[in-house]
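Quick notes on the structure that follows.
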Amino acid sequence: MVSCCGLGARELVGDENVVPVEGIVVHVKPANDVRSITLAHTGKIFGRRPVYVVPRGGPNPDIVLGGTLGERRGGYPRHFPWPVPEEEWRIRGDAERIVRMCSEIEPGLGSPSTIVSNITSVSVGYRPRRVPSVRLEPQYGGPLAGRLIHNYGHGGGGITLSWGCAREVSKWVEWLAHS
C-alpha cells in the first residue's frame, strides 16, 4: 500500500507535521506560444515565492499561472470568476501579482494587461506541506510495518517532485515485495 493522503495524514497516521499551505492560481485562456511548463522558485525578482506557468490540454484547455506560498490555517478552497469580488481584495491582489511575475518568465503570455484580459477564473486551494520535509519512506513499526509506504507532504512542489518520488516509491514496493 502507498499512502498519498496529503492533509489526511494528520488524522490517518497522526502526523502533526503536515500543515495546509494556501495556494492561489490564475486560470487563463490558452496561448499558442505557450506549450511548455515554466517554473521558477527563487531569484531577485520573485524572492521565495514559486512562479509557474502550466499549459493544460484536454476538453477544457487553459493555462494555470501561480503562485503563492503562505501558511494559512482555516479557510476553505474557493473558486472565483474574474474579476474577483472586491471584498476578496487580498486574493485579487495576489492574482494581479501572479500575472506580473508570470509575464516576466513566459513572454508567450504577452503583457500583464493582455494576460488580465484572458483570465477566466482564480482558485484558492490548500496544499499539504510537511515540515521539515516530504515523508517518503516505508512504515517501520506497528501493524502496517513492511506493507505501507508513505509519500505525502509535497506542498506546492507536487508536480516538480512527482517523478522522483514515484521512482523511490517503486523501489520501496519492489524491495518490500521481495522481502
Seminar exercise, completed: Considering the range 147-179, residues that are assigned to a loop (DSSP other than H, G, I, E, B) and surrounded by fewer than 14 Cβ atoms within 10 Å (Cβ to Cβ), and then whichever is nearest to the chain's Cα centre (by Cα), we arrive at ARG147
For this session: Would you mention how many residues in the range 95-146 are assigned to a loop (DSSP other than H, G, I, E, B), under 19 Å from the mean Cα position of the chain (by Cα) and free of Cβ contacts under 8 Å to residues at least 24 places away in the same chain?
Result: 1
Exercise. If you check ILE149 against the conditions, is it closer than 25 Å to ARG78 by Cα and of a type in the set (A, V, I, L, M, F, W, C)?
Worked result: no
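Coordinate-derived values only; no laboratory data. Computed from a predicted structure; not experimentally measured. Because the Cβ atoms are built from the backbone with ideal geometry, glycine has one as well, and the counts that use them run over all protein chains shown.
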